Structures are given as C-alpha cells and as structure tokens.
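*Asks:* Questions regarding the structure given below will be posed in turn.
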Amino acid sequence: MKKTRYILLFAFCLLSLLMMAQQETLVYLEHCDFLSFDEEQHPDAQLLKGNVQFRHEDALMFCDSAYFYEKSNSLDAFGNIRFVQGDTLFGYGDVLYYDGNTKFARLRNHVKLVHINTILTTEQLNYDRKQDLAYYFTGGTIEDEVNTLTSTWGQYTPPNKQAVFKTNVRLTNENFTLTADTLKYNTESNIADLVGPTEIVYQGETTIFSTLGWYNTKTEESKLLQDAKIVHTEGKTLTGDTIFYNKAIGYGRVVNNMVMTDSVRKLTLTGNYGEMYEDGKRGYATDSALFTDWSSEDYIYMHADSLFTEEVPYRIYSLIERDSVLIDSILTYQTPDTLWQDTTYQQARAFYGVRVFKSDMQAVCDSLVYNFRDSVVMLFGKPICWNNDNQVSADLINIYMKDSTVDYAHGIGAAIAIKQESFTQFDQLSGKEIFAYIRDGEMKQIDVNGNAETVFYPREDDGSIIGVNKTQSSYVKIYLEDQKIHHIVFTAATSGNMYPLDSISPGDQRLGNFFWAEQERPMVPGDVFARPQRANRPKTEGLSAIDNEKKDATEEPTTNKRRNRRNNRNNNNKKQ
C-alpha cells in the first residue's frame, strides 16, 4: 500500500511539472499614448495608439497602433513595427500578428529580419519563437557579409545561423552565381550544402555542376559528391564520383570514375583517382589510368600505373633588328637588346607498365614522355614498338609524329628490328641505332647505323625462300613494299654470306640481341589494360647511345641540334 502511494505521489509531481512547463506566459502592455475600447466593433480588444510597446518574456514589440486581446493573450499591431528579441534579433514591418500562447509571430508588408550580420527581407514572414525559426513562402532574400540568396520559399534559424531555401534558389556574390532548386546555407561559415541539382557559374571562366555536396562560398573550396562536373571556358572538363575542388587556386582532386577532357587539344585523361589544375599546367591520374588522344580519327590509347599531363616552360630566341640588319640573337645574348621569349608546351608522362595502342603502331615500355611541342614520344625502360608484322626494340625509342600519325621511330642502343616471315623464321636488323620510317600506316624504310648486322631470308619470285643471308657492315638501308623487302643498300665494306637453309643451325639464324615479344603486344584498345609478362632480353655488349641521348635532353642547344638532325634526315630521304 505504501509503495502504491509513492508511485501516485511521483506521478502527481511529474504531472505538475509538465503543467508548469506548459504554462503560458502573459503578454504585457508596457506603454501607449492613448487607450480606448469599442464594444461594438472590437468587444474583446483594447485599442492602443501612439508609441505602443509590448513585452513578452525577453521580446519587445513596438508599433504606432494595435489591438490588444488580453483574454486570448494576443495582439494585432500596425505601423512602424519593430520586434526585438534579446540583443541580436530585430524584426521590422508594417503589420504584426502575435499569439503569446503559441509564441507565434506573423510579420507582413516590407518585412525585414536582422540577426547579427544577416538580413532577411520579404513581404510575408512567420516566426515561431518556440522553435526559434523564421520562414517565408512568397519570395524572399537573405543577405550576409559575403552572399545574397533569393528563393520562393526559405527559412532561417537564428541559433545555428542555418538557412534552407527551396524553389528558384539563387546565390550571388562578387565572384560567382549559384542556382539550385534546394539549398542549405550557413550564414556564419558561409558554406552552402548542395542537396539538389546545382549550378555554380564563374562568369567567363568556370561552371560547376553537382546534386550533392558542399561549397564554401568564402574560400571557394567544395566537395561535390553526385553528378559532379566542372567545365572551363578553355575547353577543359572534369567529372567524377567525388570531386574536391578549390576554385581559388584552380585545383581539383577526384576519387572514382575521374574523366579530365581537353576539347581544344582533344585529349582525355581517366582513372579512379586524379588531380588537376584548371590552368592546364598539371594533371594526374592513377588506378586504371588511361590517356586518350582523339585529335585525329586514329585515336591513341595509353595506359600506365600513373599518368601526368603538365605545362613545361622554355625560352626561345628570335631575330632582332640592330642597325637595320637582322642578327641571330642567340649569337648576341649578352647584349641588353637580345630578344628572348618565354613560352610553354604541353607534355604527358607515364610511369610503370606503359602500354600504347594506335592502329598503325603499338608500344610497351616502363616509362614514357609525350612532348606535344615537337610531337615526339620518348619510350624508356625496355621499349618495344610494333607496326604490322614488324617489331622494333632498343634501350631508348623516340617516336616522331606528323599530322597526328607516326612519321618514324628512332631506336637508340642495342637496337633491333624484326619481321616475322614464318613461325620460326624472322628477318632481323641490329645495330647501335635504327630509324624506321612509316608511310600510310606501313613501314617503308629501315636504316641501321653502327655495327649493323642483318639476317634475312631472300625469296624467289614464287615466294619460296632461297636461303639465309647474314651480313655485317657499318650501316644498312632496307626498303620495303607491301610489307616485304624490296631491296637493300649496304656500305662498300660489307661482309656476309648466303647459307642454304639445311646448312645453318637454328641458333645461327638469330642475332645476339634477338627476342620476340608478340605476347606483350596490345592488339585492340582494351589490351592496354592487360598485364602480360615481359619477355627476357639477351644481354648485349657494346656501346649504347642511350646515355648520350639523355644528356641531349637536358641541354637546349643540343636539343636544337637533334631537331636539326631530324630535319636533315627527312630532307635526305625525300631526295632518294
């Protein structure tokens, strides 16, 4: 019985506390110049005029005139409305309807709500003091120190400075304009939460799209999580599942399904992780990275563990006029009137497991550099190139492009060109360096310089093999037609022999640095992602030109000499 009394007493106390918590506080009339009553028109109201002032808890309300309904604890106020709550929230308007029991205020006509550095303007505003929540529904504007936001519907919560906007949302500041259907925004952090299709436009520069994420409008940092896309006016586009983007420094980092596209240069860089700078100076991709050059109908596909695109600065010289005579300024670089011009060119780099596919050329190597300035592809680390039935390998291979097609390949150090004649028979050319010229997608000429050795199988007119021809000379030129040897030019001091097939062992039919790596060759674009085991190369002795080539690449005058040597070689070939 005693236990039951305690339970009842506890329940009564709890009920009393709940009733006290729900007890409604009164609205007090603190001042007015005139007070009157109108029992016929307003039987329950006090008619107040002149400097009217009300108080409800920590809120003060001022107006020119009002109807005060003391029994219902409410009021209707008119003219020069001023609503003050604490020392941070101020409301203004022409009309105020306030219910003290529900703590609900309705401000109408020329409404303005000021909270610290945030200003909300609208024609109709409701303010729930219990929830500390203000909202409008016929169009309004919220301004802070950084941005101006407009929408058809919006709400603002003073305690956490959080705003929500819906329908025709527009955020503007001095740098950009944001439009959306729905947006959350914090006036203290100036961070906009993207919760629907959103477009951010930097006039004449960049456009950002996303349906989920956040954007710091002060620092211009963002995290874009869904349907993310960044478009630059210079033709660069970045997409991905997740993009971390800093517009202030033009930097983007992408996680999963990254696609970087340059529609001007017609290049695409993809991967599952990457970084880029919108000025075009740097780009990076890894994890299923793929570089695609679609500047011509014959696309180039390149895969590696890591791919980079970058802008490389360099200086060029030009002719200057001195005493009405044009002088090569490189000869007078110490004089103050020498003209140098700083410029840049685009470059792509690939590292580890590089594989390239093009319809007229395929390649594999450990690392690669693609110089867009000279249209040169430099292959390092056991490079191999293929064209039709021809395989070219060396310590270093440079591929020279012309009008988006392969012009010729230059193999340097332990160079060897191989063409398969049958399952076991291969034409072979080896030397210190090889030049392989390609026309209309087919290899037309091969030049071998330095310790040139050949093994080839001459044929009768009916196609039958005569024997095996082995030669040694300082250089060899081989001309091909329809992918077959047409004729060969040797130096005068050439030694060699023709052997019948049955009198030479299979081992003697191979040059010292022979190896066949058909299993490594990408046959279709998708093969660039394959991981075949690399073929073992036989060890070779002798001078390698690769060290000299690396030295050339670090010296600008030598680079010019190398380019001149290339031009001279092309001119000589045209004369033949």
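The values are calculated or read from the model by the stated rules, or taken from the named source; none is laboratory data. All values reported here derive from a predicted model rather than from experimental measurement. Cβ coordinates were reconstructed from backbone atoms using ideal geometry, including for glycine residues, and neighbour counts include every protein chain displayed. Ligands, DNA and RNA are stripped out before the accessible areas are found, and what is left, the full protein with its side chains, is counted by its heavy atoms. Shrake-Rupley method; radii C 1.70, N 1.55, O 1.52, S 1.80 Å.
*Asks:* Mind grabbing the base-10 log of I(q)/I(0) for segment 57-109 at q = 0.13, 0.17, 0.26 Å⁻¹? Debye formula, identical points on the C-alpha positions, no solvent, two decimal places.
*Replies:* Ignoring solvent entirely, the Cα scatterers give -0.27, -0.46, -1.06.
*Asks:* Averaged per residue, what accessible area in Å² does segment 15-133 show with a 1.4 Å probe, protein chains only?
*Replies:* Here the per-residue accessible area is 56 Å².
*Asks:* If you build the Cα gyration tensor of segment 92-172 and take the root of 5 times each eigenvalue, what three semi-axes come out, in whole angstrom, biggest first?
*Replies:* Rounded to whole Å, the semi-axes are 20, 13, 11.
*Asks:* Filter LYS236/LYS419; LYS281/LYS358; LYS266/LYS477; LYS402/LYS539 down to the pairs with a C-alpha to C-alpha distance above 30 Å, please.
*Replies:* Values: LYS236/LYS419 42 Å; LYS281/LYS358 26 Å; LYS266/LYS477 37 Å; LYS402/LYS539 34 Å.
Pairs exceeding 30 Å: LYS236/LYS419; LYS266/LYS477; LYS402/LYS539.
*Asks:* If I compute solvent accessible area with a 1.4 Å probe over the protein chains, what percent of it on segment 330-480 is carbon and sulfur?
*Replies:* Using a 1.4 Å probe with all protein chains present, segment 330-480 comes out at 49 percent carbon and sulfur.
*Asks:* Heavy atoms only, probe 1.4 angstrom, no DNA, RNA or ligands counted: give me LYS247, LYS218, LYS112 ranked by accessible area, highest first.
*Replies:* Ranked from most to least accessible, the order is LYS218, LYS112, LYS247.
*Asks:* Enter the accessible area per residue of segment 378-477 (Å², integer; probe 1.4 Å; all protein chains in place).
*Replies:* Values: 3360 Å² over 100 residues.
I get 34 Å² per residue for this part.
*Asks:* Rounded, prolate or oblate, given the Cα gyration tensor of segment 219-285, with a/c below 1.5 counting as rounded?
*Replies:* On the way: a/c = 1.60, a/b = 1.15, b/c = 1.39.
Taking the square roots of the gyration eigenvalues as a ≥ b ≥ c, segment 219-285 is oblate.
*Asks:* Which value in Å does the Kirkwood hydrodynamic radius of segment 410-550 take, with 1/r averaged over all unlike C-alpha pairs and then inverted?
*Replies:* Across segment 410-550, the inverse of the average 1/r is 16.4 Å.
*Asks:* Follow-up question, since we're still on this one. Note the full-extension length gain between TYR202 and ASN51 as 0.36 nm times their separation in residues minus their Cα-Cα distance, in nm to one decimal. Display every interim value, and only then the final one.
*Replies:* Working: separation 151, 0.36 × 151 = 54.36 nm, distance 4.91 nm.
Length difference between fully extended and current span is 49.4 nm.
*Asks:* Carbon and sulfur atoms: what percent of the 1.4 Å accessible area of segment 128-212 do they account for?
*Replies:* 44 percent
*Asks:* Let me ask something else about it. Would any residue of segment 190-218 have its amide N under 15 Å from a label point 7 Å out along Cα→Cβ of VAL255? List them or say none.
*Replies:* Correct set: 213-214.
*Asks:* How many nm separate the modelled label positions at SER495 and ILE116, each set 7 Å beyond the Cα in the direction of the Cβ?
*Replies:* Those two pseudo-labels are separated by 9.2 nm.
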